[in-house]
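Notes follow once the structure below has been shown.
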There are 4 protein chains.
Amino acid sequence: MAALTNRRQLRIEWGQCDPAGIVFYPQYLMIFDSCTGHLFARIGHSALEMREKFGIIGMPLVEAGARFLLPCRFDDEITVESGVEEWGRSSFTVRHRIIKGDKLAVEGFEKRVWAGADPAKPGAIKPQKIPAEIIAALSAD
Amino acid sequence: MAALTNRRQLRIEWGQCDPAGIVFYPQYLMIFDSCTGHLFARIGHSALEMREKFGIIGMPLVEAGARFLLPCRFDDEITVESGVEEWGRSSFTVRHRIIKGDKLAVEGFEKRVWAGADPAKPGAIKPQKIPAEIIAALSAD
Amino acid sequence: MAALTNRRQLRIEWGQCDPAGIVFYPQYLMIFDSCTGHLFARIGHSALEMREKFGIIGMPLVEAGARFLLPCRFDDEITVESGVEEWGRSSFTVRHRIIKGDKLAVEGFEKRVWAGADPAKPGAIKPQKIPAEIIAALSAD
Amino acid sequence: MAALTNRRQLRIEWGQCDPAGIVFYPQYLMIFDSCTGHLFARIGHSALEMREKFGIIGMPLVEAGARFLLPCRFDDEITVESGVEEWGRSSFTVRHRIIKGDKLAVEGFEKRVWAGADPAKPGAIKPQKIPAEIIAALSAD
């Protein structure tokens, strides 16, 4: 089952780069986080609406990682491709690929949990089953 | 009435600097925000405790500004001096001075509101009278 | 002489907001910095091309400030209006207005210097006269 | 051969947290980056001195990753333990563990390259053999 892939064109900002003139690496993870939001918006669920509609309080991270293949510099145009490539019962993994020109510059992932409030512990979260309609919408390409 | 001045020694981080090799200017405001927290901690109120003890939900900004006199670079040691220089009924202005060597590098201010929850409007804030003990503690030098 | 105004539609990101659920204020200055870049791009000069074409090494900040009138929250759509409102010989002031719905949420400014390398001091910058074509292009509305 | 472990006490800042009240995850990677700098400073090499002494232009990232076990909140005190756990010829892997109270909250790594300028390609970098004294200093505990 292929993943729906969302593509965004971005331009590297001055404030994302370090004294070596390249993107300061945690900024790539900020891009990932933003692109996950855009992926869900693509299927019609803004981050806030999704929280309300499905009774979740967020999609906290379990794990994240990235490999840096080519440096990106200020003013570079990049394309970020994002899609969910693995579905668990209550967790899922978003893959992100950052393309510069026709080359892969960065690839990474975010493993997140579909999380509601824990009724037994105020302030705590509890993983919930991911709704079938979310999986279906993000799987169709 | 002199302001209590809190001094912090900091070292400029790689990720705070831009491709020109100098601090990306919004990072100075992040330093200001952090140093305001340290100023209140100096008088015995961690940010969280203060919220609970005085029934406020925060100290949101009304205005902020900075003048940049000398660039700071990666690995520079700086001293940040912070103190409240103006008190209103429910607002106050924190002055920050960033010293590099023996020279003033950046000076700025944050005008903040002592804010509680607005009982009449859920989700909104309402300015509150600043407790006299807070003013006293931050005025003694 | 009216200022050319560039308008950008942005959406507040999760990572720009703080535990109070509103934009962490230094993030507004990051938005300002980015929007100044977009303003110059609007007149055909990407930040990098501008550096090369006019022999400058950047537009470092002399001063910046902002007033915060209404909080912006995650997922809010905002419009940022940016234009140069004052021209000095080698400095200029960009005004930014952030509109949410039909209300002004934040207004601020950046005073910047048109700066080249100082031939007399390696590593130092020297203010330069702003080219007439830059002023003309940013003044036409 | 045991790794020299550097320990830093940090307090979570307001601006590092998101609307869920927990650390916005890319901020952990910023902490990692900073702690790697402190690890090298511990053996007597500030980041800048190291660049000059050993003729490298930096230690760019090849890969990074983190697992998030417990959320950290504003004002939490954390201890970050950092040490180099794998040495290649020109690459090395720094492990970071973030402890809150007596529990592991985050663990992650940065794989970095010991990189000099590429004499054959201006602007490009070239991996270099890591000096034995660096490996020795970071291995003694």
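The values are calculated or read from the model by the stated rules, or taken from the named source; none is laboratory data. For clarity, every value in this text was computed on a predicted model and none was experimentally measured. In this analysis, Cβ positions are derived from the backbone assuming ideal geometry, glycine residues included, and neighbour counts consider all displayed protein chains. SASA here: full protein model, heavy atoms, side chains in, ligands and nucleic acids out. Shrake-Rupley method; radii C 1.70, N 1.55, O 1.52, S 1.80 Å.
Quick notes
- Where strands (runs of 3 or more DSSP E) sit wholly within the range B:52-141, those with at least 1 residues that are acidic (Asp, Glu) occupy B:61-68, B:77-87, B:103-113.
- Subset of the range B:97-106 that is in contact with a Leu (Cβ under 7 Å, 6 or more places away or on another chain) and open to solvent by 30 Å² or more (accessible area, probe 1.4 Å) - its residue that is farthest from B:Met50 (Cα to Cα): B:Lys103
- Within the range A:109-133, the residues that satisfy the criterion of being under 12 Å from A:Gly88 (Cβ atoms), charged (D, E, K, R) and surrounded by 15 or more Cβ atoms within 10 Å (Cβ to Cβ) are A:Lys111, A:Arg112.
- Scanning the range C:54-88 for residues that are open to solvent by 10 Å² or more (accessible area, probe 1.4 Å), within 14 Å of chain B (Cβ to nearest Cβ) and not aliphatic (A, V, I, L, M) turns up C:Pro60, C:Glu63, C:Arg67, C:Phe68, C:Pro71, C:Arg73, C:Phe74, C:Asp76.
- Here the range C:1-30 is the region considered, the condition is being among the hydrophobic types (A, V, I, L, M, F, W, C), more than 9 Å from chain B (Cβ to nearest Cβ) and crowded, with 22+ Cβ neighbours inside 10 Å, and the residue that is nearest to the chain's Cα centre (by Cα) is C:Val23.
- Some residue of the range D:17-40 being within 20 Å of D:Ser90 (Cα to Cα), of a type in the set (S, T, N, Q) and modelled with pLDDT under 95: no
- Out of C:Ala124, C:Ala105, C:Ala115, one residue alone is closer than 30 Å to A:Asp33 by Cα, within 14 Å of another protein chain (Cβ to nearest Cβ) and hydrophobic (A, V, I, L, M, F, W, C). It is C:Ala105.
Yes/no matrix, rows are residues, columns are (1) under 19 Å from B:Gly65 (Cβ atoms); (2) among the small types (Gly, Ala, Ser):
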{"position": "C:Pro60", "(1), (2)": "yes, no"}
{"position": "C:Arg89", "(1), (2)": "no, no"}
{"position": "C:Phe92", "(1), (2)": "yes, no"}
{"position": "C:Ile99", "(1), (2)": "no, no"}
{"position": "C:Leu104", "(1), (2)": "yes, no"}
{"position": "C:Ile134", "(1), (2)": "no, no"}
{"position": "C:Ala137", "(1), (2)": "no, yes"}
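- Residue in the range B:89-96 that is hydrophobic (A, V, I, L, M, F, W, C), open to solvent by less than 20 Å² (accessible area, probe 1.4 Å), in contact (Cβ under 8 Å) with a residue 24 or more places away in the chain and within 14 Å of chain C (Cβ to nearest Cβ) present: yes
- Among the residues making up the range D:34-45, those that are open to solvent by less than 20 Å² (accessible area, probe 1.4 Å) and either among the charged types (D, E, K, R) or more than 7 Å from every other protein chain (Cβ to nearest Cβ) (or both) are D:Cys35, D:Thr36, D:Leu39, D:Phe40.
- Filtered residues of the range B:21-44 (kept if out of contact with any Pro (no Cβ under 6 Å at 6 or more places or on another chain), touching a residue at least 24 places away in the same chain (Cβ under 8 Å) and not in a helix (DSSP H, G or I)): B:Val23, B:Tyr25, B:Ile43, B:Gly44
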